[in-house]
Amino acid sequence: MPAAAMPTATRVQLDGVSKRYAAGPEVLSPINLEAAPGDFVTLVGPSGCGKTTVLRLLAGLTEPSAGTLRIDDLEPAAARNHLAYIFQDPTLLPWLTARRNVELPMRLRGELPERRAAVARDLLQLVGLAEAENKFPRQLSGGMKMRVSIARALARRPGLLLLDEPFGALDEITRNRLNEDLLRLRQTTPFTAFFVTHSVGEAVFLSNRVVVLSPGPGRIVAEIAVPFPYPREAKLRESPEYQQLVAHATAALGKNSSPAVS
């Protein structure tokens, strides 16, 4: 990505934030959580514990029932231009090529075609898809589609990247490779990340902090610091220190939930 387009990682703060939909039960108990610029925070917990709700609150897609939430001192609705959201499904437009899909956020901002094309090509190069820019989604594997989705998100130049189980439907080899790619991209295009997963191993590999949520209504029951320096390489997964931390995080999760975690 050209230097002029480099994003600035954001600061995130949730103070006493809770969520209840209409007259239903409380989904998220009051939580306090802060992320410094550049933090990679992963949320783990059983289904229904409010992980995705936290992302939706940060994205301004729903409002908290109580408490305050700030992204660089802005309310989420005012900070939407500073964030990008990646879902489990790549959600690519099937009638657009890979490059055109990546260009879409810039097109919606009204940027010039030459500028859009140049940035999209740079981003596809970053995610290892320079040769696939003219291919349509139907011609791409699941992992390639997710790389296009990541490139499209980075085209927004986000200070905050929200990722809701983006690799959950992929095989383990592809998933591990995309984890490594994501951390490599983080070194190139700085952002603060909130990541949701059911995989404790993935959480420890990616994050500098793992936040464990209890069954609904979700509340924070543990925050685990991950001390491994960035950049991280695949061989980290083989180290005793990594495996011990995965075991520790799994135990913290197991104390508060019965579902199994990968």
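Out of curiosity, is V41 in contact with a Phe, Trp or Tyr (Cβ under 7 Å, 6 or more places away or on another chain) and more than 24 Å from R186 (Cα to Cα)? Give the derivation first.
Numbers: in contact with a Phe, Trp or Tyr (Cβ under 7 Å, 6 or more places away or on another chain): yes; more than 24 Å from R186 (Cα to Cα): no.
In short, no.
Can you name the helices (runs of 4 or more DSSP H) wholly within the range 161-262 that have at least 3 residues being aliphatic (A, V, I, L, M) and touching a residue at least 40 places away in the same chain (Cβ under 8 Å)?
The helices (runs of 4 or more DSSP H) meeting that bar are 200-206, 240-254.
Could you tell me whether the range 122-145 includes any residue that is in a loop (DSSP other than H, G, I, E, B) and polar (S, T, N, Q)?
Yes, there is a match, as at least one residue in the range 122-145 is in a loop (DSSP other than H, G, I, E, B) and polar (S, T, N, Q).
Hey, among L33, L83, which residue is at pLDDT 90 or above, surrounded by fewer than 22 Cβ atoms within 10 Å (Cβ to Cβ) and hydrophobic (A, V, I, L, M, F, W, C)?
Among L33, L83, only L33 is at pLDDT 90 or above, surrounded by fewer than 22 Cβ atoms within 10 Å (Cβ to Cβ) and hydrophobic (A, V, I, L, M, F, W, C).
Looking at (1) farther than 14 Å from I86 by Cα; (2) touching a Leu at 6+ places or on another chain (Cβ under 7 Å); (3) surrounded by 17 or more Cβ atoms within 10 Å (Cβ to Cβ); (4) not aliphatic (A, V, I, L, M), which is the only condition D164 fails?
Result: D164 passes all but (1).
I'd like the full set of residues that are in contact with a strand residue (DSSP E or B) (Cβ under 7 Å, 6 or more places away or on another chain) and surrounded by fewer than 23 Cβ atoms within 10 Å (Cβ to Cβ), limited to the range 18-30.
Answer for the range 18-30, where residues must be in contact with a strand residue (DSSP E or B) (Cβ under 7 Å, 6 or more places away or on another chain) and surrounded by fewer than 23 Cβ atoms within 10 Å (Cβ to Cβ): S18, R20, Y21, E26, V27, S29, P30.
Any residue in the range 110-125 that is under 23 Å from P166 (Cβ atoms) and modelled with pLDDT under 90?
So far as the range 110-125 goes, no, none of its residues is under 23 Å from P166 (Cβ atoms) and modelled with pLDDT under 90.
Can you name the number of the only condition in (1) of a type in the set (A, V, I, L, M); (2) surrounded by 21 or more Cβ atoms within 10 Å (Cβ to Cβ); (3) closer than 30 Å to R20 by Cβ that A66 fails?
(2)
What strands (runs of 3 or more DSSP E) lie completely within the range 7-116 and have 2 or more residues being more than 15 Å from the chain's Cα centre (by Cα) and not β-branched (V, I, T)?
Where strands (runs of 3 or more DSSP E) fall fully within the range 7-116 and carry at least 2 residues being more than 15 Å from the chain's Cα centre (by Cα) and not β-branched (V, I, T), they are 12-20, 26-35, 66-71.
I'd like to check something: does the range 96-115 contain any residue that is touching a strand residue (DSSP E or B) at 6+ places or on another chain (Cβ under 9 Å) and of a type outside the set (D, E, K, R)?
Here is the first cut: in the range 96-115, the residues touching a strand residue (DSSP E or B) at 6+ places or on another chain (Cβ under 9 Å) are 105.
Still in the running and of a type outside the set (D, E, K, R): 105.
Looking for residues that are touching a strand residue (DSSP E or B) at 6+ places or on another chain (Cβ under 9 Å) and of a type outside the set (D, E, K, R), one finds at least one in the range 96-115, hence yes.
From the list G143, G50, pick out the single residue that is of a type in the set (G, A, S), buried (at least 16 other Cβ atoms within 10 Å of the Cβ) and without any contact (Cβ under 8 Å) to a residue 40 or more places away in the chain.
The unique qualifying residue is G143.
The values are calculated or read from the model by the stated rules, or taken from the named source; none is laboratory data. Quick caveat: nothing in here was measured; it's all calculated off a predicted structure. So basically every Cβ, Gly included, is an ideal-geometry build from the backbone, and we count neighbours across all protein chains shown.
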